[in-house]
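The values are calculated or read from the model by the stated rules, or taken from the named source; none is laboratory data. Note that the structure is a prediction, hence the values are computed from the model and not measured. Here the Cβ positions follow ideal geometry from the backbone for every residue, glycine too, while neighbour counts run over all protein chains shown. The accessibility values were calculated without ligands, DNA or RNA, using every heavy atom of the protein model including side chains. Shrake-Rupley method; radii C 1.70, N 1.55, O 1.52, S 1.80 Å.
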Amino acid sequence: MKQSSGEQETSETSTAATTEYESMGGRSLLDRWSSKKDFLLAQCQVAVILLIAHLGNTFPKSYHRNENHDPTMFYTVCGIMLVVGLATMQRRETDPKRGVQLLSRAQTEEWKGWMQFAFIMYHYYRMYSAYNEIRCFVSAYVWMTGFGNFLYFDKTKDFTVDRAISMWLRINYFPLLLSVFLRVPLELYYVVPLHTTAFFITMATCWVCCALERRGMPYWKSRIGGLLICTAVHIIFYETPAVNFLKLFSDEYLFRFQSDKYTALIGIWSGLVWSKFKAYMQWAYNGEAGVERTTAKWIQRFAGTALMWLWWYGFGSISDKFVYNPVHPYIFWMPVAGWLMVRNSSKYLTELHSTALEFFGRITLETYVLQFHVFMCNNVQHIPQVVPGSGPDGPWSLNFLNMLVCGFIFVPLAWWARKVTVNTQNAVVDLMKEVRKGPKEELSHSDSDLEDVSLIKAENGENGENGK
């Protein structure tokens, strides 16, 4: 039977729509994964980085790091970095609607940057006498993990698998590859499991807090209840024989986790009361017409300085690390709190940050793991002799030049490794979304949806194939 022109047109339209549906829904997961090229490119790049790390770690000419003990050079290079930090200070005025910002992102990166620089130079120049200060720096990093992630989860309530895997990748992806490729134990990068554990503890704690709130408990009661549960779990684990569970991994992990057993927890509690500190900052430094309360400013500076001095006088000056280590988990907060009080003791100071130190702070994870194999070598046990004439008996000028040459390789490599890690992280999250979405969701589009997709492709200059 012959179809009318209207029926024929309807049939053709239906066939075209069906074909379009099949072309969209029938695509494989790899076809729908728009970031696969970025992912593959990142893996090729990380292979090159791993090769460079291997070459650096096995550099043929080197001398033992114990022979590089040089307090004068340690303080000299830290002084140079201080000058660079001050010279690159920039002021970024905050939006009046947001008020005074306590511990902004830029300031956080700056803080991480100068601590990381001192940490690396502590290793490089075998600065034994700075051990206690470096312990506080490591704890400050772990504190930030608990603090920052509490603020994130408390605000977004993003307890998704995507978030968990994304952060796990960001922290563990590159260190794990280094560990496997260079055949070194992961405990060499002990900060990595510390941060990973702190992240998941914070995520679990915030989930409990939100679960209590969903059951009708008020905000503050739910948060305090969740944090009290977290505190109880910490005490039960770390103050009982249960802590010996860590020995199943290694004695090194037992020591490292006990050194920072309450650090992330204190960071979480700090995040809970942070709104109170911010309210104080508005009262002290964001009055009418921007007038600051001078008395509050100087009391804050005096109290912060006193906290840091009390830590040093009572604990930081202890020369025997085996005496200091047992008390560290309970007193590390003193220099951390003191520094934050002094650093944020005026509106002007909260708006200042060093761009050089901020840059260095963004690559702390990568500089931490690569220092052992590129800036130093033989798994941090030796100093590579790149410049002829440098060495334990060489002149300070050649040794300084040798350090600079290694640094000019080390820092860009760390920046590249960070970029590759972030690209991998984003690509994997994109893949997870496609897995969860599946082809059926694409088949649920209406004809108008398909037309919108075609229009968007045309506007982006795409023709037939997916592009960026």
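Test TYR330 against the stated conditions and say whether it is out of contact with any strand residue (DSSP E or B) (no Cβ under 9 Å at 6 or more places or on another chain), among the hydroxyl-bearing types (Ser, Thr, Tyr) and surrounded by 13 or more Cβ atoms within 10 Å (Cβ to Cβ).
no
Given the conditions (1) of a type in the set (Gly, Ala, Ser); (2) closer than 27 Å to ASN402 by Cα; (3) touching a residue at least 12 places away in the same chain (Cβ under 8 Å), which single one is not true for SER104?
Single failed check for SER104: (2).
Given the conditions (1) modelled with pLDDT of 95 or more; (2) out of contact with any strand residue (DSSP E or B) (no Cβ under 6 Å at 6 or more places or on another chain), which single one is not true for GLU93?
Unmet for GLU93, out of (1) modelled with pLDDT of 95 or more; (2) out of contact with any strand residue (DSSP E or B) (no Cβ under 6 Å at 6 or more places or on another chain): (1).
Of all residues in the stretch 61-83, which are open to solvent by less than 30 Å² (accessible area, probe 1.4 Å) and more than 26 Å from the chain's Cα centre (by Cα)?
Residues satisfying the conditions are TYR63, ARG65, ASN68, MET73.
Tell me, yes or no, whether the stretch 390-411 has at least one residue that is at pLDDT below 95, part of a loop (DSSP other than H, G, I, E, B) and either within 21 Å of the chain's Cα centre (by Cα) or among the polar types (S, T, N, Q) (or both).
Checking the stretch 390-411: at least one residue is at pLDDT below 95, part of a loop (DSSP other than H, G, I, E, B) and either within 21 Å of the chain's Cα centre (by Cα) or among the polar types (S, T, N, Q) (or both).
Please specify each residue of the stretch 145-163 satisfying the condition of being within 19 Å of ARG418 (Cα to Cα) and modelled with pLDDT of 95 or more.
Result: THR145, single match.
Within the stretch 300-316, take every residue that is more than 30 Å from the chain's Cα centre (by Cα) and either basic (Lys, Arg) or more than 19 Å from THR350 (Cα to Cα) (or both) and give me the one that is least open to solvent (accessible area, probe 1.4 Å).
Step by step, filter the stretch 300-316, then rank; the result is GLY314.
Could you please give the count of residues in the stretch 248-278 that are in a helix (DSSP H, G or I), open to solvent by 60 Å² or more (accessible area, probe 1.4 Å) and of a type outside the set (Asp, Glu)?
Result for the stretch 248-278: 8.
Checking the structure you have, find out if any residue of the stretch 147-163 is open to solvent by less than 10 Å² (accessible area, probe 1.4 Å), touching a helix residue (DSSP H, G or I) at 6+ places or on another chain (Cβ under 7 Å) and of a type in the set (S, T, N, Q).
no
What is the residue count in the stretch 22-76 for residues that are outside any helix (DSSP H, G or I), among the small types (Gly, Ala, Ser) and either in contact with a Leu (Cβ under 6 Å, 6 or more places away or on another chain) or over 22 Å from VAL380 (Cβ atoms) (or both)?
Looking only at that region, the number is 4.
Hey, among the residues in the stretch 173-212 that are in a loop (DSSP other than H, G, I, E, B), touching a residue at least 60 places away in the same chain (Cβ under 8 Å) and over 16 Å from the mean Cα position of the chain (by Cα), which one's farthest from ALA53 (Cα to Cα)?
PRO185
Pairs please, first residue from the stretch 292-315 and among the hydroxyl-bearing types (Ser, Thr, Tyr), second anywhere and surrounded by 14 or more Cβ atoms within 10 Å (Cβ to Cβ) and at pLDDT 95 or above, Cβ atoms under 7 Å, 6+ apart in sequence or on different chains.
Short answer, once both residue conditions are applied: THR305/GLY338; THR305/VAL342.
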